[in-house]
Structures are given as structure tokens and as C-alpha cells.
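This report refers to the structure that appears directly beneath it.
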Amino acid sequence: MKSVPVFQLAETELHTGTSLVEASAGTGKTYTIAGLFLRLILEKNLSVREILVVTYTVAATEELRHRIRNTLAKALQAFSTGTSEDAFLRALLARHADQRVDLAARLDRALYGFDEAPIYTIHGFCQRVLRDRAFETGNLFDTELVTDQTPLLRQLVEDYWRKQFYRAGKIPVIFALKNGLSPESLLPLVRTTLPHPFLKLLSPVDDQTPDSLAAALEAGFTSLREVWREQKQAIRDHFGSGAKWANRPYNDDEAMAEAFRQLDNCLGAPEFSPAALDTLQLFRKSAIAQKVSKRAKLPPPEHPFFDLCDDLAPAEERYVIGVKLGALHYVRQELPRRKDELKVQFFDDLLTRLHGALAGSGGSPLAALLRRQYVAALIDEFQDTDPLQYDIFSRVFTGPENYLFLIGDPKQAIYGFRGADIFTYLKAGQHSDQAYTLKQNWRSEAGLVRSVNAVFSAPALPFVFPGIQFQAVEAKGEADKQPFKVDGHAPPPFQIWFWRRTGAEINKGEADKLLPAIVATEIVELLNGPAALGDRKLLPEDIAVLVPENRQAQLVQDALSQRNVPSVLYTSASLFDSREVVETQHVLAAIADPTHESQLMAALGTDLLGFTGSRIEAVAKQETEWQQILERFRGYLDLWLQRGFIQMFRSFM
């Protein structure tokens with residue numbers, strides 16, 4: 001394994017160019033960024049305005065701003081008094097003892113002007129550049145930033161759908177419906193693909209349009225229909241109880257009678273349902289060959305109809321792919337024009353427009369301006385960077401007199417959080433001038449650190465990619481002073497549970513049903529038992545449960561709720577997909593229109609109102625009680641209209 005030098009915060013020389021600093025979880029990434037900021041002021045005589053700090057969330061920018069300001073304040077105190085309790089600051093004092101007075105004055109100026117320090121999210125940085133350099137970037141002055149572009153994307157997808165299908169023949173429309181195509185089904189592809197302009201979708205239909213693919217599909221289906229109408233009896237004769245060559249269902253009279261009925265439906269009738277097309281799969285040459293009886297030792301039947309069924313399947317697949325790619329192509333072409341008409345831009349546009357300006361004819365002068373403005377750039381959470389973002393950083397901050405520090409954990413890039421791309425991180429590593437690692441873990445117990453080191457140091461390629469090596473770390477924090485113990489004894493810090501197999505493969509549905517309960521039960525036993533952190537009892541907020549999927553997190557929380565254990569759900573799922581929001585929507589719909597009885601019943605069945613199904617049925621049969629409920633909801637509506645939502649909802653609660 002290639003050895004990576006350890007980044008010593010107080011001692012490692014700060015070089016111009018690109019420096020990649022690998023920071024595993026708990027190794028003091030934020031502390032390192034604050035220390036770098038301080039050293040750039042002390043040693044490179046940069047002002048706070050010349051040091052750009054970029055991270056990926058608004059909350060992270062606030063934390064960084066607070067931590068950096070706090071570090072500068074402690075450094076000012078240290079250089080003013082000549083002493084400090086912080087080992088890092090003591091090392092800097094010793095290193096710059098002869099400049100202590102001058103550096104204290106420099107730190108005082110830095111703190112005085114710290115409000116001007118450019119600490120942004122990646123989108124905030126791009127927005128600032130586009131606004132401040134509107135002429136150089138070609139950005140419109142009166143453009144409104146809109147947070148959610150879903151309504152506009154949905155409108156464009158619906159426009160594409162109308163253009164594609166309102167004048168199309170019946171056959172392509174039926175095949176589209178059979179494959180679940182709709183504006184709503186096309187929207188996720190468009191929404192997830194648009195933020196990645198460098199992404200190339202590989203497909204077998206790159207040089208064909210949806211219309212040409214629809215024509216090929218329709219021609220294949222027409223040929224199939226003609227053969228069936230002319231030779232249906234000859235085709236029928238190959239199947240049924242007299243088919244000695246076949247296994248089920250081809251030798252089953254009843255099953256084949258239903259199959260032929262469906263064939264007559266889709267190939268003989270002018271109108272038919274999309275579901276009838278499923279029967280064509282049964283008559284594919286390849287499907288028939290798989291059902292030949294081994295005992296009979298007879299060849300499968302041959303007929304042009306079976307070959308045409310085989311040919312139709314890939315034509316259908318290509319058509320579906322073509323429709324999806326056509327939607328993406330249409331939206332990519334139409335979206336910029338529609339945004340210009342509406343004078344709006346979205347968060348992704350901030351990135352693409354700045355990148356376009358840097359990649360365009362005026363890109364070099366723009367990059368030079370930014371390099372003079374920001375002499376140093378510190379990129380936090382670099383593992384979450386996608387190709388577009390990295391290209392912006394590399395175009396702007398790779399000058400011979402600039403400092404670019406990329407701080408992140410490549411192991412986290414594997415999971416693709418926030419659109420991260422592992423190959424972007426590997427590319428940055430290949431093009432960096434210096435690479436370092438942080439060696440000391442300040443968060444975990446020594447036993448757990450040793451266990452993790454042992455597990456991941458064993459394989460040659462623990463993370464599959466040769467460019468990502470595991471760098472062992474050392475425990476240096478305070479966790480061992482407050483150890484986790486059960487009944488006075490420290491359990492093994494790294495434990496693996498194995499599912500007790502019964503010989504068969506583990507069923508995912510069964511695992512989803514049992515594992516949340518097992519985990520929740522273990523947590524209850526820890527909380528109710530003699531488990532402690534240091535000298536205090538273990539609390540629910542001391543425990544975290546990590547799962548691969550949002551739905552599994554909800555299952556675990558449900559299991560904890562059943563055992564009266566409080567928990568907080570951190571998930572990437574939208575708040576508007578939660579059960580609570582859906583139930584609130586039912587209640588508000590009933591209040592908005594109390595005369596709509598099905599909406600009112602849905603509201604009564606929510607947890608907010610707590611009616612059971614049998615109680616709703618009973619109340620609906622009692623005219624007096626039902627009228628009272630109707631009047632109650634009409635009262636809520638009147639209050640909403642007359643005094644506003646807050647007054648109404650307060651009365652409702």
C-alpha cells in the first residue's frame with residue numbers, strides 16, 4: 001500500500017497548487033480547516049477576504065464561520081499573551097516567536113474584518129460570482145432564483161408527451177401504456193439527470209428518434225397481426241394436450257385457450273387493452289424453446305409467427321428507451337429557453353452557468369479575476385463534489401500562485417451522497433500537487449479504532465478501487481475517559497451479528513420484518529439495563545442506527561415507537577412524503593370542502609382525529625351525529641376564511 005504523508009497542522013509547509021487532504025471521520029477535519037485559515041493569514045499574509053471557504057450545506061457554513069472565528073480569537077489571545085493551552089497554537093507561537101507582535105496585529109485586523117470572509121456553500125459561491133461578475137458571465141440582472149424547478153420540469157414533460165402522443169398511432173400509444181410510460185413516470189429520469197451535464201447515457205438507440213422507433217414497432221406489430229389473421233389455426237395446432245414436445249403451459253388446453261383468446265384480442269380486434277400484449281411473450285421463439293420436454297426429445301415447433309414475436313420484443317424495448325431519451329433531450333433543449341422567458345434560474349443553473357462562463361471564450365480572463373480575488377480556496381467535504389463542481393474549482397484555483405486545499409474522505413464518496421462521484425475524487429488525486437492524510441481520530445474509543453483498522457487493513461483493496469486505500473488512524477480523543485460499559489465491563493467495541501440460517505437464502509421481506517424488531521429490542525435492553533457511558537446512564541440520544549434505505553429507517557423508528565423509545569428520523573426523503581403530511585393533507589382537504597364526504601371520512605380516519613373504520617361507518621349511519629361533524633368542519637372553514645389559517649388550526653387542535 002502506498003504510504004501517504006501525514007498532514008501536521010502546525011508543521012507541514014503550505015505549498016501553492018492543489019493539496020488533497022484525506023480526512024477520515026473523526027480526524028478533525030473542521031479543526032484542520034480552521035487551522036489552515038489561520039496559517040494562511042499568519043504565514044502567507046492573506047486577508048480574510050482572500051481566503052475562500054466552500055462547503056455543501058448552509059448549516060456547515062455557519063459552523064465553519066463560528067469555528068474559524070473562534071480559532072482566530074484564540075490565536076489573537078495566544079499571540080498577545082505569549083501562551084496558550086492549545087498545542088497547535090503553542091507550536092505556532094514557538095515557530096513565529098520573533099514576529100509575535102506583528103502577527104497579533106494582523107490577527108486583530110483579521111477579526112475586525114471577519115464579517116467579509118467569503119465562507120459559502122458551493123451554490124452560494126456560484127451565485128456570488130454570477131452576481132458580482134454579471135458582464136463577464138453573461139448573467140441577467142433581473143433573474144429570480146427559484147428553489148424548486150419541479151413544476152416547470154413537469155410542464156415541459158407534459159408538453160413533450162402531448163407532442164409525442166396526441167397525433168401518434170394507436171399501436172405506439174398502447175405499447176407506451178403497457179410499459180407504464182406517462183408524464184409522471186418520465187419526470188424522475190429528467191429530474192435526476194439534468195444536474196449532470198457531463199453525463200452520457202449509453203443506449204442502443206442513440207441515432208434514432210422516438211418517431212422512427214415508433215414506426216419500426218408499428219411495422220413489426222402489423223406484420224405479426226397479418227400472420228396471425230392468415231394462419232391462426234396453423235399456429236393453434238402446435239399447442240394443447242396433443243403437443244408432445246411441450247411442458248406446461250404449452251400442453252395445457254385451458255391455459256392455451258386463454259392465451260389464444262388474448263391473442264385474438266390484441267391481434268384481431270381494432271381496440272384492445274395494453275395488458276393483452278403480455279401474451280405475446282408466451283409465443284416468442286426463445287420462450288417456446290425453454291419449455292421443450294426433455295423426456296419427449298422432440299424439437300420445438302417452428303413458425304414465422306414465433307420469429308416475429310421474438311423480433312417485436314427488442315423493437316418494443318428500443319421504443320420505450322427512445323421515448324425516455326426523447327423526453328430528456330426535449331427538456332434539455334427547451335428548459336433554458338423557457339427559463340429565459342420566465343426570467344428564473346434554479347440552484348443547478350448557478351453551477352452550469354458559471355461553468356459555462358469559465359469554459360467559454362471569456363473563461364480565462366474570468367478565472368484570472370477570481371484567482372486574484374481569492375488567493376486561497378479551502379473546499380470542505382470534497383468527497384461530495386461532482387464532475388461539474390470539480391471542473392469549476394480546477395479552472396479557477398489552479399494558478400501557480402494560488403492555494404487550493406481539497407479536504408474530504410474518499411471512502412464516503414463511494415456512497416454518492418449529494419451527487420458525489422468517486423471518479424471525480426480519484427481524478428483530483430491524480431492531478432493534485434500534494435496529498436496528505438490526517439492520522440489522529442479524536443472521536444472514538446481506542447478499541448473501536450483498532451478494530452476498524454484491523455478489519456479494513458486486511459484486504460489489499462478494501463474499497464475495490466485501487467485509488468482508495470485505507471489509512472489506519474490512531475485514537476487521540478477523550479472517548480476512553482468516558483467508556484461504554486455494561487454492568488461495569490467494557491463489551492467488545494466492534495461486534496457483528498450473523499443471521500441464523502435455516503439452509504435457504506435469507507428472504508429480504510422477512511429480514512425487513514424481523515431486523516427492526518431485533519435492533520429495537522437490543523436498544524431497549526441497553527437502555528433498561530446496567531449500560532453506562534462513563535459515570536452516567538446510557539440515554540436514547542447516545543444511540544444511532546444507520547440503515548441503507550429511507551424506508552428501513554422508518555421501520556426501525558416504528559419498532560422503537562412500539563417499545564416507547566423516543567427517536568428522531570434523519571432521512572433524505574422529502575418531508576411531504578411522510579405519513580404526517582399525508583394525514584394533515586386529508587384533514588385540510590376535509591376542512592376546505594366539508595361537503596365532500598369521502599374526504600371527510602379520510603380525515604376522520606387519521607391519527608389526528610382517531611376514528612376507527614367501524615366507528616366511521618357507525619357515525620355515517622347516524623344522521624344527527626354526522627350532521628354535527630359536518631357543522632364542526634364548516635365552522636373550521638368559516639374561521640379559516642374570516643380569521644386566517646393559524647386561528648382555524650389552533651381551534652382545530
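The values are calculated or read from the model by the stated rules, or taken from the named source; none is laboratory data. All values derive from a computational prediction rather than experimental measurement. Note that each Cβ is placed from the backbone with ideal geometry, even for glycine, and that neighbours are counted across all protein chains shown. Accessible surface areas use protein heavy atoms only, side chains included; no ligands, DNA or RNA. Shrake-Rupley method; radii C 1.70, N 1.55, O 1.52, S 1.80 Å.
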| Once label points are set 7 Å from the Cα along Cα→Cβ at both Asp433 and Ala10, what is their separation, rounded to one decimal in nm? | 2.6 nm
| field | Long-range amide H partners of Val6 with built H, under 5 Å | value | Thr437
| Which angle between 0 and 90 degrees, to the nearest 10, do you get for helix 579-592 versus the longest principal axis of the chain when only C-alpha atoms count? | 70 degrees
| message | Going Cα to Cα from Lys324, which lysines come in below 26 Å? Please leave out same-chain ones fewer than 8 positions away. | response | Lys163, Lys170, Lys178, Lys200, Lys339
| query | Going by average Cβ neighbours within 10 Å, how do the peptides 341-347, 157-163, 554-560 rank, with the highest at the top? | reply | 554-560, 157-163, 341-347
| note | Quick calc, segment 195-256, dipole around Cα centre from Cβ unit charges on Lys, Arg (+) and Asp, Glu (-), nearest 20 debye, gives 180 debye
| message | Can you show me the helix-derived [θ] at 222 nm for the chain, built from DSSP H runs with n ≥ 4 at -39,500 (n - 2.57) apiece and divided by the number of residues, rounded to the nearest 500. | response | -17500 deg cm²/dmol
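Order the peptides 207-214, 290-297 from the highest to the lowest mean number of other Cβ atoms within 10 Å of their residues.
By packing density, highest mean first, the sequence is 207-214, 290-297.
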| query | Ignoring ligands, DNA and RNA, how do Ser361, Ser444 rank by accessible area with a 1.4 Å probe, largest first? | reply | Ser361, Ser444
| request: Using amide H atoms built 1.01 Å from N in the peptide plane, name the residues 5+ places from Ala377, or on other chains, whose amide H lies under 5 Å from its own. | output: Leu52, Tyr403, Leu404, Phe405
| remark: When every protein chain stays in place and a 1.4 Å probe is rolled, Phe494, Phe652 sorted by accessible area with the largest first are Phe494, Phe652
| message | Helix 183-193 against the longest principal axis of the chain: what's the angle in degrees, Cα atoms only, rounded to the nearest 10? | response | 30 degrees
| field | Net charge dipole size for segment 112-253 [Lys, Arg +1 and Asp, Glu -1 on Cβ; Debye, nearest 20] | value | 760 debye
| remark: With a ≥ b ≥ c from the Cα gyration tensor eigenvalues, square-rooted, and the rule rounded for a/c under 1.5, otherwise prolate when a/b > b/c and oblate otherwise, segment 418-478 is prolate
| said: Which one, Ser84, Val58, Asn45, projects farthest toward the positive side of the charge dipole computed for segment 1-93 from Cβ point charges (K/R +1, D/E -1)? | reply: Val58
| remark: Given the candidates Leu426, Leu526, Val227, the one whose Cα lies deepest towards the positive end of the charge dipole of the chain, counting +1 at each Lys or Arg C-beta and -1 at each Asp or Glu C-beta, is Leu426
| field | Dipole-positive endmost among His196, Thr147, Val157 within segment 138-225 (Cβ charges, Cα centre) | value | Val157
| message | Give me Rg/Rg_expected for segment 348-399, where Rg uses Cα atoms only and Rg_expected = 2.2 N^0.38 Å with N residues. | response | 1.10
| Going by average Cβ neighbours within 10 Å, how do the peptides 462-470, 260-268 rank, with the highest at the top? | 260-268, 462-470
| request: With +1 on each Lys and Arg Cβ and -1 on each Asp and Glu Cβ, and nothing else charged, work out how big the dipole of segment 442-489 is about its Cα centre, in Debye to the nearest 20. | output: 60 debye
| query | In sequence order, what are the phi-derived ³J(HN,Hα) couplings for segment 253-266 according to the Karplus relation 6.51 cos²θ - 1.76 cosθ + 1.60 with θ = phi - 60°, rounded to whole Hz, with x for glycine and proline? | reply | 4, 5, 5, 6, 4, 5, 5, 5, 5, 5, 4, 4, 5, 8
